[in-house]
There are 2 protein chains.
Amino acid sequence: MSEVYAARRARLRERCEAAGSEAALVSGDANVRYLAGGAPPGATLLLGAGQDLLCCVTDPFGYRATDHPAEDVRVLVLAAPEADPAVAAAERAVEAGVGSLAVEEHHLTVARHRALGSVAPGLRLDDLGTAVEQQRLVKDPEEISALRIAAEIADQALGELLESILVGRTERHLALELERRLVDHGAAGPAFPTSVGAGPNSGLAGHTPTDRRVEEGDFLSVCLGADYRGYRSEIARTFVIGTTPADWQIELYDQVFAAQRAGREALAPGTPYRDVDRAARVVLEAAGHGERLGPGIGHGVGLENDEDPRLTPSAMGKLDACVPVTVDPGVHLPGRGGVRIDDTLVVRSEADGGPELLTITTKELLAL
Amino acid sequence: MSEVYAARRARLRERCEAAGSEAALVSGDANVRYLAGGAPPGATLLLGAGQDLLCCVTDPFGYRATDHPAEDVRVLVLAAPEADPAVAAAERAVEAGVGSLAVEEHHLTVARHRALGSVAPGLRLDDLGTAVEQQRLVKDPEEISALRIAAEIADQALGELLESILVGRTERHLALELERRLVDHGAAGPAFPTSVGAGPNSGLAGHTPTDRRVEEGDFLSVCLGADYRGYRSEIARTFVIGTTPADWQIELYDQVFAAQRAGREALAPGTPYRDVDRAARVVLEAAGHGERLGPGIGHGVGLENDEDPRLTPSAMGKLDACVPVTVDPGVHLPGRGGVRIDDTLVVRSEADGGPELLTITTKELLAL
């Protein structure tokens, strides 16, 4: 596995040199983990000034395997807990004779950037921009395999919940039970805070579970994901509680389902991000829900739950093969509730069978 | 309650004006919540340019009561999800004729700071520094009362766990059960990820729970806290599993307990932060554990789990009355395990009865 990380770092060093910077200082947490193979939060990675160096304030060889860096990365654990690993790394760069250092201006605060400048006045600080985020867009087979397991775990946790009795239980308890089941099935933890919305709370994106109890006739929407080896899946489903859904529930469900399917079917290498959004959005606009839609209908997943690409009306760029994304449209009718349907998929060419669905729980409208 | 937030904002505006800035732009999440009374993550608060203005991309009047701003704060929900609330707020400041704006350079990234500069070229950007964090140090009675309830909830969750059977259960399951119990007792959620360490993992600060099962003869250390109305308690206790602790366990426990007591007893208005650290540290150094100690022996708690003041050897400053802190020394012996004892207390003068202990679970060495 060490070679994978070495290749990623080599690619970044090349890109950095081509842009005119001698070395790079990576400080975004997910970016550092992606390149180093593992790192504790707050660590900084210095590339291009001798051997690649990971600076951190906590020992990465603790108990979390995801914190262990690759063997060929040199590790410097700073003794002073208040020390800034980025500053320490910049000092090492200067000692190694580096004259220009590209930093992540979208991760470093103004205060930290100034501290870098003052410990190394002769050092020119360039902007690395989102070079690492761009490198992370297309996933390799190992990464996709981790996401596949993360999706499987979420499917299992959700499947078990559906077999239990739901009426009378609160949103909070259902969310906690889902998180326990994620861990039971091998997740390091939830990929993001599990959302459970019942009745009027159903269909709300990112709804924080409350003490509302599940009642007969409710829509119940659930959004969860597993963190498996740092990779994060996402799935949402909406159910009806009781025997027969009401007409408005069937109608709304069908509309959101059609939009989600349209979004999934739009996933192909070369498709502009905004066209995926558009494909799903037009379906819900036609149904009169245009004003009720969220900012986008999906996003990338990987080492972060919500990463590039963003499938929004104004997003720039096109999908590539092997980019995992969610397709997650939802509609909420104030006072009544709503529907959210969300899958994690991997973009594949038609020759490769089209989009690969990782979260396979049924999307039929189940009455529980 | 609205007056409390208005008074906090007035104080910050005055401080800002005294430092020569016409207006202030607050972007640290906890700082925004502290001043606005509530806000969704990522919101930015503009003070001193007409009516105080909260800019956000999600509607704060959603389902989380802690996101609701005070009534006299004007709210601007930005339509574009990619919009930066700080940039929108800076634009409003310019429209209001503001010439100089103090921003939080330790929260704003270089990229966002540059975006502020480019939308408002005539605007002078000053540094607000940690003015709001300093204002947050001393808590008012409402805040302390929220922390008191947060501590009570953690005590209850821990107390119930101790009555259950522990042998054979994994660290992960115990941690999840504790988090469920926190929510049962009224917490919005855990204050931070619950840590449970058994056997060789016991006593490690911030240990992420694993599949290690609790065994006879183990030390079991547990660290948890509740989030109640945004305020976060913290408690850690260490137990012995089985009937009789081994001699080394009794000895180590007594040493850490003595250090923790010395730290607690050092809490008084006017005591330098570093002296509290010193009081606990010398006890453990004398016992030969100097090399095994963490960076500090406590920290402030409030809207964040780990906030100012930091009780470390190099911290500058002195305690005030009504500052809530943890005292949390621990020693871990590699391969064997260790002890961590942690309380949340409020600094009080001797006339007021001395330090007020919020987490009241017994610190006797219990054999479970």
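Bear in mind these aren't lab numbers, they're just calculated from the coordinates by the rules spelled out. Since this is a predicted model, take the numbers as computed values, not measurements. A quick note on method: Cβ atoms are made from the backbone with ideal geometry, for glycine too, and the neighbour counts reach across all protein chains shown.
Relative to the longest principal axis of the Cα atoms of chain A, the long axis of helix A:2-18 makes an angle of roughly 70 degrees.
The GluC sites (Glu not before Pro) of segment A:273-368 that DSSP puts in a loop, and whose beta carbon has at most 15 other beta carbons within 10 Å, are A:364.
When chain A is treated as a Gaussian network with alpha carbon springs shorter than 10 Å, the biggest mean-square fluctuation among A:332, A:107, A:289 belongs to A:107.
Near the amide H of residue B:189, within less than 5 Å, lie the amide hydrogens of B:227, all on another chain or at least 5 residues away, with H placed in the peptide plane.
What is the Cα centroid distance between segment A:1-45 and segment B:5-54, reported in whole angstrom? Rounded to whole Å, the Cα centres lie 37 Å apart. Ranked from shortest, the separations from the 7 Å Cα-to-Cβ label point of residue B:138 to its equivalents in the other copies are 6.0 nm. Rounded to the nearest Hz, the phi-derived 3J(HN,Hα) couplings of segment A:111-124 under the Karplus curve 6.51 cos²θ - 1.76 cosθ + 1.60 (θ = phi - 60°) are 5, 5, 4, 5, 4, 4, x, 7, 7, 9, x, x, 8, 8, where x marks glycine and proline. The phi torsions of segment B:101-109, fed into the Karplus equation with coefficients 6.51, -1.76 and 1.60 and a -60° offset, translate into couplings of 10, 8, 10, 8, 5, 8, 10, 6, 6 Hz, rounded to whole numbers, with Gly and Pro shown as x. Each other residue within a Cβ distance under 12 Å of residue B:111 adds +1 if Lys or Arg and -1 if Asp or Glu, for a net charge of -2.
Return the distance in nm (one decimal) between the two label points of a simple spin-label model at residue A:247 and residue B:320, each offset 7 Å from Cα along Cα→Cβ. With each label placed 7 Å out from Cα toward Cβ, I get 6.4 nm. Residues considered: A:47, A:220, A:161. Largest GNM mean-square fluctuation over chain A, using C-alpha springs under 10 Å, is found at A:161. Here each label is just a point 7 Å from Cα along the line to Cβ, and for residue A:162 and residue B:357 those points are 5.1 nm apart. Just to be sure I understand: of the beta bridges DSSP finds with both ends in chain B, what percent are antiparallel, rounded to 5? Given both bridge residues lie in chain B, the antiparallel proportion sits at roughly 75 percent. Length gained on full extension, residue A:142 to residue A:169: 5.9 nm, using 0.36 nm per residue less the C-alpha separation.
Placing one equal scatterer on every Cα of segment B:145-268 and applying the Debye formula, the log10 ratio I(q)/I(0) at q = 0.15 Å⁻¹ is -0.70. Residue A:2 sits among other residues whose Cβ lies under 9 Å from its own Cβ, and their net charge, with Lys and Arg +1 and Asp and Glu -1, is -3.
Across the identical copies, the label point of residue A:97 (7 Å from Cα in the Cβ direction) is separated from its matches by 6.0 nm, in order from shortest. Each part gets one Cα centre, and for segment B:259-306 versus segment A:195-270 those centres are 48 Å apart.
Here the 3J(HN,Hα) profile of segment B:316-323, calculated from phi with Karplus coefficients 6.51, -1.76 and 1.60 at θ = phi - 60°, is 9, x, 10, 5, 10, 5, 6, 9 Hz, Gly and Pro shown as x. Helical content alone sets the calculated 222 nm signal of chain A at -10500 deg cm²/dmol, taking -39,500 (n - 2.57) per DSSP H segment of four or more residues and averaging over every residue. Short-range pairs are left out: with C-alpha atoms under 8 Å and at least six residues apart, the relative contact order of segment B:284-368 is 22 percent. Amide hydrogen proximity for residue A:127: with H placed 1.01 Å from N in the peptide plane, the residues at 5 or more positions away or on another chain lying under 5 Å are A:103.
Here's how it looks for residue A:318: its modeled amide H is under 5 Å from those of A:273, which are all 5 or more places away or on a different chain.
The lysines whose alpha-carbon is closer than 29 Å to the alpha-carbon of residue B:139, local same-chain residues fewer than 8 away aside, are B:318, B:363.
Each copy carries a label point for residue B:306 at 7 Å from Cα along the beta-carbon vector; from one copy to the others these points are 2.4 nm apart, nearest first. Note on B:283-295: average number of Cβ atoms from other chains within 10 Å of each residue's Cβ is 1. Peptide B:109-120 shows a mean partner chain C-beta count of 4 within 10 Å per residue C-beta.
If both residues of a DSSP beta bridge must be in segment A:2-136, then about 35% of such bridges are antiparallel.
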